1. Which of the residues belonging to segment 70-93 are surrounded by 14 or more Cβ atoms within 10 Å (Cβ to Cβ) and polar (S, T, N, Q)?
2. Out of curiosity, is Thr157 outside the structural domain of Cys79 (by TED's automatic domain parsing), over 12 Å from the mean Cα position of the chain (by Cα) and under 18 Å from Met55 (Cβ atoms)?
3. Quick test for you: out of Glu40, Glu54, pick the one residue that is surrounded by 15 or more Cβ atoms within 10 Å (Cβ to Cβ), among the charged types (D, E, K, R) and under 18 Å from Thr134 (Cβ atoms).
4. Exactly one condition in (1) modelled with pLDDT under 95; (2) out of contact with any strand residue (DSSP E or B) (no Cβ under 9 Å at 6 or more places or on another chain); (3) exposed (fewer than 14 other Cβ atoms within 10 Å of the Cβ) is false for Glu169; which is it?
5. Could you check segment 17-37 and list, in sequence order, the residues that are closer than 16 Å to Val105 by Cβ and either surrounded by fewer than 17 Cβ atoms within 10 Å (Cβ to Cβ) or of a type in the set (A, V, I, L, M) (or both)?
6. Given the options Leu135, Leu149, name the one that is within 26 Å of Trp62 (Cα to Cα) and touching a Leu at 6+ places or on another chain (Cβ under 8 Å).
7. Would you please list the contacts, defined by Cβ atoms under 8 Å and residues six or more apart or on different chains, that run from a residue in segment 167-184 that is free of Cβ contacts under 8 Å to residues at least 40 places away in the same chain to a residue that is among the basic types (Lys, Arg)?
8. Has segment 94-104 got any residue that is of a type in the set (Ser, Thr, Tyr), under 15 Å from the mean Cα position of the chain (by Cα) and within 25 Å of Gly139 (Cβ to Cβ)?
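The values are calculated or read from the model by the stated rules, or taken from the named source; none is laboratory data. Note that the structure is a prediction, hence the values are computed from the model and not measured. So basically every Cβ, Gly included, is an ideal-geometry build from the backbone, and we count neighbours across all protein chains shown.
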Amino acid sequence: MDTNLDFPSFDIIFRSLNDFILKLVDDYHAKKIKSWDDLEAKVRVFFTKAQMDEMESMIPGWKKMSSYSDGITLTHIMCVFLGLFIMSEFQALTRAQQQLAKWIVLFHDTDKMHIKDKKDNLHAFRSAVLTATTLPRLGFLITPMYQTLINSWSQLTKYSATKDANNSETLIQDNSSLPKIVSGIDNLFGDETPSA
């Protein structure tokens, strides 16, 4: 853990990924990335089998997420990282805030299933579950209630779905569950902590 932070440093745990994103920033400024295809080519070169194995060992499900639609979500996540790093607002953040922003981008779509012409309306809640079950292994602090509550919270969150009012055959996330989900996050990780 970075001694200046009270939570794990993205830059240390995902050093090679952070270095890759910094290289993307340099390439963007040098006009070597002008399109999605340019970015995708660099993502494909970086994410070798060994790199994918390393990511999977830290974030179970990374390979699955990356496998859909020829890696479109993986490239999307790297695109969001690139956008984040070049934003002046990001540059103005404190070191701790920058680290939190990186963690948020890393996990935001980790359990997204991208299937052509089919929207994954439930990926945000599934990604939240994957994040909540992964953060402790990466060194994020948990409350004493975590082990008791994680399974029931995960079930509540993962299965909070309702039929779309405009299409009864489509499920969407049931946002009426959000108060319980957010309260559960506080019970798992503490109120207003970096983990939460």
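1. Within segment 70-93, Thr73, Thr75 qualify.
2. Taking the combined requirement at face value, the residue does not satisfy it.
3. Of the residues listed, the single one that is surrounded by 15 or more Cβ atoms within 10 Å (Cβ to Cβ), among the charged types (D, E, K, R) and under 18 Å from Thr134 (Cβ atoms) is Glu54.
4. Glu169 satisfies all of (1) modelled with pLDDT under 95; (2) out of contact with any strand residue (DSSP E or B) (no Cβ under 9 Å at 6 or more places or on another chain); (3) exposed (fewer than 14 other Cβ atoms within 10 Å of the Cβ) except (2).
5. Within segment 17-37, Leu17, Asp19, Ile21, Leu22, Leu24, Val25 qualify.
6. Step by step, each of Leu135, Leu149 is checked, and only Leu149 is within 26 Å of Trp62 (Cα to Cα) and touching a Leu at 6+ places or on another chain (Cβ under 8 Å).
7. The qualifying pairs are Glu169/Lys163.
8. Within segment 94-104, none of the residues are of a type in the set (Ser, Thr, Tyr), under 15 Å from the mean Cα position of the chain (by Cα) and within 25 Å of Gly139 (Cβ to Cβ).
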